[in-house]
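Taking it in order: structure first as structure tokens, then the write-up.
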Amino acid sequence: GQSAEFAKEVESEGSATIDFEEPQFGRHDPDGQFRHSKANYPGVVLEVAYSQKAKDLPYLADEYILGSDGDIRAVIGIKLEYKEPSKATLSVWEPRIVPNSVGEDELVAMQVVVDEVFPFSEYF
């Protein structure tokens, strides 16, 4: 049906550069992304992180979601542990509209999955 037709137009773009229209969101090279052929931005972005970069995942999620004005529908962050290479965590951020302190609607990147542990070695 319609979902299958839509899915046919979604492709992996690997780590291709994403340039946002607004310069304050900078230029980013995610570890993976999936984009519909008619979309300006990917719908899903993937970032894989070790130690220091792992601390940047919430910031990166904000950049991707706010920079795309919510067109990026999910940022998936995978943290790999140096000390326990067989363990990893998964986090997901999605765009949400929430009221700010003065009651106006504001776009935010909301973390909807927080450091969900999964046994990395079972998958790779």
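A few comments on the model shown:
- Considering region 92-107, and only residues there that are in contact with a helix residue (DSSP H, G or I) (Cβ under 8 Å, 6 or more places away or on another chain) and surrounded by fewer than 19 Cβ atoms within 10 Å (Cβ to Cβ), the residue that is farthest from residue 21 (Cα to Cα) turns out to be 94.
- In region 3-59, the residues that are within 17 Å of residue 80 (Cα to Cα), open to solvent by less than 30 Å² (accessible area, probe 1.4 Å) and touching a residue at least 40 places away in the same chain (Cβ under 8 Å): none
- 1 or more residues within 23 Å of residue 119 (Cβ to Cβ): qualifying strands (runs of 3 or more DSSP E) within region 1-106: 32-36, 44-50, 74-80, 87-99
- Candidate set: region 60-91, residues that are out of contact with any helix residue (DSSP H, G or I) (no Cβ under 8 Å at 6 or more places or on another chain) and basic (Lys, Arg); chosen: the one surrounded by the most Cβ atoms within 10 Å (Cβ to Cβ): 73
The values are calculated or read from the model by the stated rules, or taken from the named source; none is laboratory data. No experiment lies behind these values; they were computed from the predicted model shown. For neighbour counting, all protein chains shown are included, and Cβ atoms are generated from backbone atoms with ideal geometry for every residue, glycine included. These accessible areas exclude ligands, DNA and RNA; they are computed on the full protein's heavy atoms, side chains included. Shrake-Rupley method; radii C 1.70, N 1.55, O 1.52, S 1.80 Å.
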